[in-house]
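Trainee: To start, I am sharing the structure in question, which I have written as structure tokens.
The values are calculated or read from the model by the stated rules, or taken from the named source; none is laboratory data. All values derive from a computational prediction rather than experimental measurement. Positions of Cβ are backbone-derived with ideal geometry, glycine not excepted, and every protein chain shown enters the neighbour counts. We work out accessible area using only protein heavy atoms, side chains counted, and drop any ligands, DNA or RNA first. Shrake-Rupley method; radii C 1.70, N 1.55, O 1.52, S 1.80 Å.
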Amino acid sequence: MIASENIAIRTVRRQDLPLLYALSQDFSNAGEFMPVSLVSESEFYDTFDQNGFWQDSCGRLVIEDNQHNIVGEIGSFKTAHYMNGREVYYRIFAGHRQKGYAKKALCLFTQFFFESTHFNRLQAVTVCENVVSSAILKKQGFVYEGTLRQGRWFKGNLVDLEMYSLLREEWKRIDSKL
């Protein structure tokens, strides 16, 4: 578990699975900008049984508040075989948004990522209209790199995406100021 004053991020536990599966399949809970997809319950549980949703600096972690309630998830995945880094994503569940959890979880995850891996780059992509997520990334030191034109099929339309990244040397400068 990686904790700060009000939140923690940790690996998924078996007892989390029913709640996480229900939340991942609840399209009304996805938020305005989170893409949704269906995953069978058996595939969901099988993936957990294979690797606990965490392997090779990739996977899913839960975000907990100080009462140990699961309020969201954060994770990373490999984007391209030639990329020296990972892409981070985060999602705060309905009823827990606008409380600073995403910002705090991203800060914890970024520190964990750069302190525990050899990777040089952590990137994030957001739908262009998601100004809240863009602001969170910028406040954490992520640099806007450009627009991926019509980069994702989202809610029946092709949408543009904004690409942000944080390099290890940039994180070191930011981290030393904290």
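Trainee: Determine the equivalent ellipsoid of the stretch 27-178 by diagonalising the alpha-carbon gyration tensor, then write out the semi-axes as square roots of 5 times the eigenvalues, largest first, rounded to whole Å.
Mentor: In descending order, the three semi-axes are 22, 20, 18 Å.
Trainee: Moving on to the next point. Go through the stretch 56-66 residue by residue and turn each phi into a ³J(HN,Hα) via Karplus (6.51, -1.76, 1.60, θ = phi - 60°); whole Hz please, and just put x for glycine and proline.
Mentor: Once θ is set to phi - 60°, the couplings for the stretch 56-66 become 6, 6, 10, x, 10, 10, 9, 10, 10, 7, 6 Hz.
Trainee: Now, a different point. Counting only heavy atoms of protein chains, what accessible area per residue, in Å², does the stretch 41-91 have with a probe of 1.4 Å? Walk me through the intermediate numbers first.
Mentor: Working: 2590 Å² over 51 residues.
I get 51 Å² per residue for the stretch 41-91.
Trainee: Please find, in a Gaussian network model of the chain (springs between Cα atoms separated by less than 10 Å), the residue of Tyr164, Tyr82, Tyr144 whose mean-square fluctuation is greatest.
Mentor: Checking each option, the largest mean-square fluctuation is seen for Tyr82.
Trainee: Moving to a separate point now. Dipole magnitude of the chain about its Cα centre, charges +1 at Lys/Arg Cβ and -1 at Asp/Glu Cβ only, in debye to the nearest 20?
Mentor: Computed about the Cα centre, the dipole is about 520 debye.
Trainee: Would you work out which of Cys107, His81, Cys58 lies farthest towards the positive end of the dipole of the chain? Charges go on Cβ: Lys and Arg +1, Asp and Glu -1.
Mentor: Comparing the listed Cα positions along the dipole, Cys107 ranks first.
Trainee: What is the set of long-range amide H partners of Val143 at a cut-off below 5 Å, with H atoms built 1.01 Å from backbone N?
Mentor: Ser165, Leu166
Trainee: Within 10 Å of each candidate Cβ there may be at most 10 other Cβ atoms; applying that plus a DSSP loop requirement, which trypsin sites (Lys or Arg not before Pro) in the stretch 56-134 survive?
Mentor: The qualifying sites: there are none.
Trainee: Moving to a separate point now. What list of ³J(HN,Hα) values in whole Hz, one per residue of the stretch 142-153 in order, does the Karplus curve 6.51 cos²θ - 1.76 cosθ + 1.60 (θ = phi - 60°) give from phi, with Gly and Pro shown as x?
Mentor: Karplus-based 3J(HN,Hα) across the stretch 142-153 equals 5, 9, 5, 9, x, 10, 8, 5, 6, x, 8, 8 Hz.
Trainee: 222 nm [θ] for the chain, helices only, -39500 (n - 2.57) per DSSP H run of 4+, per residue, to 500?
Mentor: About -9500 deg cm²/dmol.
Trainee: Run the numbers on the chain and let me know its relative contact order in percent, using alpha-carbon pairs under 8 Å that are six or more apart. Display every interim value, and only then the final one.
Mentor: Details: 271 pairs, mean separation 30.9, N = 178.
That works out to 17 percent.
Trainee: Could you check how much of the accessible area of the stretch 119-163 is carbon and sulfur, as a whole percent, using a 1.4 Å probe?
Mentor: Using a 1.4 Å probe with all protein chains present, the stretch 119-163 comes out at 50 percent carbon and sulfur.
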